[in-house]
Amino acid sequence: MSESARSAPGALDKGDKASQAAAEHEAHSNRWKALAFIALAQLMVVLDATIVNIALPSAQTDLGISDGNRQWVVTAYALAFGGLLLFGGRIADLWGRKRAFVVGLTGFAAASALGGVATTGAMMFGARALQGAFGALLAPAALSLLAVMFTDAKERAKAFGIYGAIAGGGGAVGFILGGVLTEYLDWRWTFFVNIPFAIVAALGAYFVIREPEGGRNRNPLDIPGVLLSTLGLVSLVYGFTRAESNGWGDSSTIALFIASAVLLVSFVIVESKVKAPLLPLRVITDRNRGGIYLSLGIAIIAMFGTFLFLTYYLQVVKGFSPIKTGFAFMPMIVGMMVGSTQIGTRLMTRLPARLLMGPGFLVAAVGMLLMTQLEIGSSYASIILPAMLLLGLGMGTAFMPAMSLATLGVEPRDAGVASAMVNTSQQVGGAIGTALLNTIAASATTAYIKDHIAGAGSSKTQQQLVALQGQVHGYTNAIWFAVGMLVAAAVIVSVLVNAGKQGSDPVASGDGVEDEFKIPVVAH
């Protein structure tokens, strides 16, 4: 064999290594540009959860949707999104996050276009279900891209600070944008507005994102796991939706909860036995990640219920227009941005996550506590404004380290499903919050009116006043439960989350956490 022939393989190896190094350098240098497109896509998904709510009355009238069926505009999205998240996260691990991200954006845009041109209620419901399905692919792909692209502790803190601010405050922005579009254009624009968002984000992602190599999970798809998890989560979300409309004692509600429990327990058993599980139990049995998922879900229960009550309070009790209502949420958005990008980002590499999340949830609880003082004549400036600021500040501070820690230390091949679990805890928490707190509020309102209506006499004005007082009484009763949930979230964080500050050596910091909580280096 000639000398040149013998040296060829080595030369080839050198060339491969050089090209791989160049690709890694390009991926690393583009990560901040990539973050802009990932954040844009996340904003679109979060906006969509609330923007349609503002437009719902107008859409219902135009399409002739009955009062009994209008809930499906929200429920169809929630069921598809919540039920398919784990499957979407696994597909992202299998296909690659960039491909899943672009496909999710493209599908979401197409579904939004379908919703915008809907001519019947059924067409609208189908479009919302498709939005939820593609959102379930898009959301975990976006978060897991951040997890594998940002591995330096300080850069990770900044990236997740931006992401956390959008994830937390985007819903409130949706109220503003939904009000503007509905009042000045048409309800259909609450769907069409997603299309430019999706096109810009998809094109940017296609040309800019360079996903690190070696992070795919190419194991065969766990079909039993997909079916059990999807059906179990759909049953759970739909059970809470039915509880809100039909009551907790309704036979169909109880049947859905029983079915959900059986399906999800079966899912856990299957996942513990199969070789390539949809959700490796190592992802959720770790005390830190488990604590994050649980505390986030409970905190979201409080948040979603508050969004609902404040919207009704401002529009029905105070008489605010949709636009004015949307702008009334601005202090919370500002608080979210400050808490996430300033407090959380600056302190995440200096303090353990529990020392940010626990106090963050408690600050939010203080803001929620202020809202329990609401009355018909309450001043926006004296109660709602400071409450919004505290709520946003606390949740922003807590969300950012939570988002980062939930995906920190996971194997690259599990990044998609770990990210999906973050979204699943939020989605299920939102469904529970809307149903549970609304039921508490409705019960308290009914009891108040029953006790006070006799004293109103036959005066219609007095009866209307009692009805309004009953509504506000119901809101404040439910908000007390939300305060308790935020305190519970803080306690869970304090007890379960024991990771050291991100980017430090956890063992040296005295937290007793294993090495898996060091910043992971993605294998190439």
(1) in contact (Cβ under 8 Å) with a residue 40 or more places away in the chain; (2) buried (at least 22 other Cβ atoms within 10 Å of the Cβ); (3) hydrophobic (A, V, I, L, M, F, W, C) all hold for ALA111 apart from (1)
Can we say LEU233 is at pLDDT 90 or above, in a helix (DSSP H, G or I) and either closer than 26 Å to PHE150 by Cα or under 22 Å from the mean Cα position of the chain (by Cα) (or both)? no
Restricting region 271-310 to residues that are among the charged types (D, E, K, R) and assigned to a helix (DSSP H, G or I), the residue that is modelled with the lowest pLDDT: ARG282
Does region 372-380 contain any residue that is in contact (Cβ under 8 Å) with a residue 40 or more places away in the chain and either on the phi > 0 side of the Ramachandran plot or surrounded by 23 or more Cβ atoms within 10 Å (Cβ to Cβ) (or both)? no
Any residue in region 477-494 that is surrounded by fewer than 19 Cβ atoms within 10 Å (Cβ to Cβ) sitting within a Cβ distance under 8 Å of a residue that is of a type in the set (Lys, Arg)? List the pairs, counting only those 6 or more apart or interchain. SER494/ARG354
Region 242-270 - residue that is out of contact with any Leu (no Cβ under 8 Å at 6 or more places or on another chain) and among the β-branched types (Val, Ile, Thr) and, of those, surrounded by the most Cβ atoms within 10 Å (Cβ to Cβ): THR253
Being touching a residue at least 24 places away in the same chain (Cβ under 8 Å), in a helix (DSSP H, G or I) and either surrounded by fewer than 16 Cβ atoms within 10 Å (Cβ to Cβ) or not aliphatic (A, V, I, L, M) (or both) is the filter here, so list the residues in region 188-209 that pass it. TRP189, THR190, PHE191, PHE192, ASN194, PHE197, ILE199, GLY204, TYR206
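The values are calculated or read from the model by the stated rules, or taken from the named source; none is laboratory data. This structure is a prediction, so every number in the text was calculated from the model and none was measured. Here the Cβ is made from the backbone with ideal geometry for all residues, glycine too, and neighbour counts use every protein chain on show.
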